[in-house]
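Novice: Structure incoming, see below.
The values are calculated or read from the model by the stated rules, or taken from the named source; none is laboratory data. Only a predicted model underlies this, so the values are computations on that prediction, with no experimental measurement involved. Counting neighbours? That spans all protein chains shown, and the Cβs are built from the backbone with ideal geometry, glycine included. Ligands, DNA and RNA are stripped out before the accessible areas are found, and what is left, the full protein with its side chains, is counted by its heavy atoms. Shrake-Rupley method; radii C 1.70, N 1.55, O 1.52, S 1.80 Å.
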Amino acid sequence: MRRPKNTLTKAAMENLFLTLSLFVAISHTLPHFAGSFPISHNFPAVFNFGDSNSDTGELTSGLGFLLQPSFGQTYFKPPSSGRFCNGRLIVDFLMEAIDRPYLRPYLDSMSRQSYQRGCNFAAAASTIQKANAASYSPFGFGVQVSQFITFKSKVIQLIHQDEELKKYLPSEYYFKNGLYMFDIGQNDLAGAFYSKTFDQVLSLIPTILDIFQDGITRLHAEGARNFWIHNTGPLGCLAQVVSRFGKDKSKLDEFGCVSDHNQAAQLFNLQLNGLFKKLPQLYPGSRFTYVDIFSIKSDLILNHSKYGFDHSILVCCGTGGPPLNYDDQVGCGNTATSNGTTKTAKPCIDSSKYVNWDGIHYTEAANRFVTLHILTET
């Protein structure tokens, strides 16, 4: 059930902007989720797909590297957790809320964790679109879905050969009644801005969502019935984006965020929400929940002081000091030469006062905030 391909004409673009303006105006009055079910203990297993927002070690396992010790310092301590954060991610807090173990990465070769309660296919830097030679992550959404299908096939085969393996692997019941979570799409938009105009980025959105729906179709064919979808956050408020695209101050809004990136994210979310509303009719017997991550994160950034944060865009683990404390040549925990000067990106003393961890990813404190709002709304 694939939607027809389409491109946006100038007139259609103008209509979309009118719709987008209305969407933005009313978004603050809407609940942060929509759908037929909250997250709960009733799901025997969870299968997650996404990028660094929910990667629990897939990219580090798949590409064979360790993050710097600053990553994971707040909670997991060893950076071998593979999370692009100083601690727990939204998906980690959600697993805690339903009394489930943290999700083990699909490509993890050594761990004390089993896969009985689920598996995580999310990999940092992944996109919905197929990866290309320039992609940092080869694990695009289509690959992640294929990994799941392979995983399920092998698991069912192994359990058929040895029933005792049900102690460590999800049975058919777990696959059928499990929760399928998605948090992906921001890299498609953010990456496109490096080589395309604003209008060209927007014209990609229908194709990106076609590919996303293809993945849903494949998972539904495998028996998935419970879908939990996160929209994308305010990309224009990431220090990395501000550093690269906000040099022209006219490009920034009153909060210091890059307007074009946030508008693209909002239009993506508007069309994703439109698809979400059609999905129950396209896939009878399935349940869908849509979580408005954009509104929650925007609220946090715009009203950070109200919620106990001192800094919204300023980076915790970076270098250079205010207003961004970010240098794209010196990653968190690293020492490198930038503009002829040797610099070290060190973590701040109290990460709980920062929304942004390393210029791209949120701190554990911010992830906790977002999760609490998700749980409160649902």
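Novice: Of the heavy-atom accessible surface of the chain (probe 1.4 angstrom), what whole percent is carbon and sulfur?
Specialist: Ligands and nucleic acids excluded, carbon and sulfur give 54 percent.
Novice: For Lys277 paired with Tyr136, estimate the spin-label separation in nm (one decimal), with each label point 7 Å from Cα along the Cα-to-Cβ line.
Specialist: Between Lys277 and Tyr136, the simple spin-label model gives 3.5 nm.
Novice: By the scheme Lys and Arg +1, Asp and Glu -1, what is the net charge of all other residues having a beta-carbon under 9 Å from that of Leu103? Kindly include the intermediate steps, with their values, before the conclusion.
Specialist: On the way: positive: Arg100, Arg104, Arg117; negative: Asp92.
Residues close to Leu103 contribute a combined charge of +2.
Novice: Quick one: accessible area per residue over segment 232-378, 1.4 Å probe, rounded to a whole number of Å²?
Specialist: 42
Novice: Over all directions, average the projected area of the Cα convex hull of segment 269-378 and note it in nm². Spell out each step's value before the answer.
Specialist: Details: hull surface 36.9 nm².
So the mean shadow area of the Cα hull is 9.2 nm².
Novice: If you build a Gaussian network model of the chain, linking Cα atoms that sit under 10 Å apart, which residue out of Gln157, Gln186, Gln144 swings the most?
Specialist: Of the options given, Gln157 has the highest mean-square fluctuation.
Novice: Give me the mean projected area, in nm² to one decimal, of the convex hull enclosing the Cα positions of the chain.
Specialist: Its average projected convex-hull area is 18.7 nm².
Novice: Can you give the translational diffusion coefficient of segment 143-189 in µm²/s, computed by Stokes-Einstein from the Kirkwood radius over Cα pairs at 20 °C and 1.002 mPa s?
Specialist: Approximately 175 µm²/s, per Stokes-Einstein.
Novice: Between Gln68 and Ser250, what is the FRET efficiency for a Förster distance of 35 Å, r being their Cβ-Cβ separation, to the nearest 0.05?
Specialist: Details: r = 36 Å, r/R0 = 1.02.
Calculated transfer efficiency: 0.45.
Novice: Pull up the DSSP beta bridges for the chain and report the antiparallel fraction as a percent, rounded to 5. It would help to have the intermediate numbers written out before the result.
Specialist: Working: 10 of 30 bridges.
Of all bridge pairs located within the chain, approximately 35 percent are antiparallel.
Novice: Please give me, ordered by residue number, the chymotrypsin sites (Phe, Trp or Tyr not before Pro) of segment 182-244 that lie in loop per DSSP and have at most 12 other Cβ atoms within 10 Å.
Specialist: Sparse-neighbourhood loop chymotrypsin sites (Phe, Trp or Tyr not before Pro): Tyr194.
Novice: Rounded to the nearest 0.05, what FRET efficiency do Lys176 and Asp310 have when you use their Cβ-Cβ distance and R0 = 45 Å?
Specialist: That gives a FRET efficiency of 0.45.
Novice: Starting from the Cα-Cα distance between Thr217 and Leu375, subtract it from 0.36 nm times their residue separation and give me the gain in nm to one decimal.
Specialist: Between Thr217 and Leu375, full extension yields 54.1 nm more.
Novice: Another question, then. Just to be sure I understand: if I project the alpha-carbon convex hull of segment 136-280 onto a plane and average over all orientations, what area do I get in nm²?
Specialist: 10.6
Novice: Here's a follow-up. Placing unit charges on C-beta atoms (Lys and Arg positive, Asp and Glu negative, everything else neutral), compute the dipole magnitude of segment 194-299 about its Cα centre in debye, rounded to 20.
Specialist: It works out to roughly 160 debye.
Novice: Tell me, which cysteines of the chain are without a disulfide-compatible partner by the Cβ under 4.7 Å rule?
Specialist: Within the chain, the cysteines lacking a partner Cβ under 4.7 Å are Cys85, Cys119.
Novice: From the phi of every residue in segment 138-154, what ³J(HN,Hα) in whole Hz does the Karplus formula 6.51 cos²θ - 1.76 cosθ + 1.60 yield, where θ is phi - 60° and glycine or proline is x?
Specialist: So the J values, rounded to whole Hz, are x, 9, x, 4, x, 5, 4, 5, 5, 4, 4, 4, 5, 4, 4, 4, 5.
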